[in-house]
Amino acid sequence: MAKTKKIPDSEKLSQAIVKGMQEKKGSDIIVMDLRKVKNAVADFFVICSGGSDKQLEAIADSIDEMVGKIMAQSPWHIEGKNNKEWMLIDYIDVVAHLFKKEQRNYYSLERLWGDAVITEIEDRPN
């Protein structure tokens with residue numbers, strides 16, 4: 001009988017967040033694995049872009065719903081829901097970042113955390 005490799009909870013959580021982002025057509029989704037980065041604040045960052053306030057809000061709601069369904073978890077902290085330029089949903093081990101495209105380019109978390117292993121998620125076809 002083959003051994004099944006147990007997926008760490010933070011990895012499962014990041015996958016649930018990706019699904020939530022995809023449900024509302026978040027674009028340019030990446031998963032940053034920070035587990036081997038010294039002084040990292042989380043195991044993973046999951047980042048996506050949205051085109052409007054309404055879309056960012058819909059993505060945030062979808063993440064909350066998907067993580068609740070798959071992981072039975074609620075966010076520890078949420079920031080940016082009012083200004084909707086950069087929303088952060090913090091699950092402690094995994095942090096979701098939702099950006100408007102201009103803000104994402106400006107803050108460039110991908111460069112800031114350049115030591116992370118980055119996985120690009122292909123956009124779902126319509």
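The values are calculated or read from the model by the stated rules, or taken from the named source; none is laboratory data. Because the structure is predicted, anything quoted here is derived from the model rather than measured. Here the Cβ is made from the backbone with ideal geometry for all residues, glycine too, and neighbour counts use every protein chain on show.
How many of the residues in region 44-62 are under 23 Å from residue 106 (Cα atoms) and buried (at least 16 other Cβ atoms within 10 Å of the Cβ)? Selection size over region 44-62: 13. For region 86-107, the set of residues classified as surrounded by 11 or more Cβ atoms within 10 Å (Cβ to Cβ) and farther than 14 Å from residue 48 by Cβ consists of 90, 91, 92, 93, 106, listed by residue number.
Residues of region 24-76 that are among the β-branched types (Val, Ile, Thr) and in contact (Cβ under 8 Å) with a residue 40 or more places away in the chain: 29, 30, 31, 37, 41, 46, 47, 63, 67, 70.
Matching residues to (1) over 15 Å from residue 100 (Cα atoms); (2) at pLDDT 95 or above; (3) in contact with a Cys (Cβ under 6 Å, 6 or more places away or on another chain); (4) among the hydrophobic types (A, V, I, L, M, F, W, C):
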residue	(1), (2), (3), (4)
40	yes, no, no, yes
53	no, no, no, no
61	yes, yes, no, no
66	yes, yes, no, yes
81	no, no, no, no
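Return yes when residue 79 is under 16 Å from residue 120 (Cα atoms), without any contact (Cβ under 8 Å) to a residue 40 or more places away in the chain and surrounded by fewer than 20 Cβ atoms within 10 Å (Cβ to Cβ) and no when it is not. So residue 79 fails the test. Total residues in region 44-72 satisfying the condition of being more than 20 Å from residue 93 (Cβ to Cβ) and either of a type in the set (Lys, Arg) or touching a Pro at 6+ places or on another chain (Cβ under 9 Å) (or both): the figure is 1.
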